[in-house]
Amino acid sequence: MRTSAYVLLADPAFLAESVGAYYDRVDRIVLSYDETATSWTGTPLPVEECLAIVEALDTDGKCVQMPGRYSRLEHDPLDNDTHQRQQALQAASEGADWVLQLDTDEVMLDAAQFFRSLGRAEATGASALHYPSRWLYSRVAPGRFLEASSRYWRPVASYPGPLAVRAGSRLVQSRQADAPLYRVDLRPWNTDPAHHHETLVHEVVRQESAVLHYSWVRDHDTIRRKFGWSGHASDYSKPRVYEQWARRQSRPWRTVLTSPLRRRDWYRLSSVPDTAGGF
């Protein structure tokens, strides 16, 4: 089974850890970025810094640069997101059976398990792999993070989109693909609050084998910039989003202890490998 990957270069925070986790297991990595270093919403992006990081880790010459014009300010940011991903996926599909589509703030904890699950997806005839991510909200201390959880602090999976799809797949929105899924979860039943409780689970893995999603693990200045360039910028620009993030980051124990009292947005404190740098 031949595998490749594509990467959207925009955020350097966890780029080296993300690509490094699967680098030895793929044949080719397409690096997609806007040639004007402009985001989907028109804000500047640190593309040169991202390229330098990838160049340092690309010891086998697997990475292929694919610059283009992706800001397209006359389009909705999510449409730009989908357009850029589709172009990158098409390029990465050449000579491949499957294409990985991890964002650069998603880090595999257990690449061996991930690729075993991908092999089982291949064997069942599925066209996309739903593999569980653990969503991290903020770094509380070295190796200690505020993590999304069930109401009573059990680990939960999140699925921002299939983390691998068949070569040649068509994307519907962002990473989402209208394709038969092979679903991996942390328990024999669905643990993601965003999906129906009867969603079929094909395989169970330990929480230590999930992908870590450092989505909001940033300092204050960086999180504001990320809110601005995201495809969801219109939602993130609402004042309460930043205020809630800042409050929960400054009061992690209160956030955890009051989780059972809330109707949604539950958190626990977790010990995970600390790839968060200075955040």
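What follows is calculated from the coordinates using simple rules that are stated; it is not laboratory data. Just so we're clear, the structure is a prediction, and the values are computed from it rather than from any experiment. With ideal geometry, Cβ positions are generated from the backbone for all residues, glycine too; neighbour counts draw on all protein chains shown.
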(Q) I'd like to know which of S71, G61, C50 lies farthest towards the positive end of the charge dipole of segment 38-85, counting +1 on Cβ of Lys and Arg and -1 on Cβ of Asp and Glu. (A) S71
Q: Of all alpha-carbon pairs in the chain, indicate the percentage at a distance above 31 angstrom.
A: 24
Q: Note down the nm distance, to one decimal, between modelled labels 7 Å out along Cα→Cβ at S250 and at S271.
A: 2.9
Q | Taking all pairs of distinct alpha-carbon atoms in segment 100-157, Kirkwood radius in angstrom | A | 13.5
Q | Within the chain, longest stretch clear of exposed GluC sites (Glu not before Pro) (DSSP loop, no more than 10 other Cβ within 10 Å) | A | 75-197
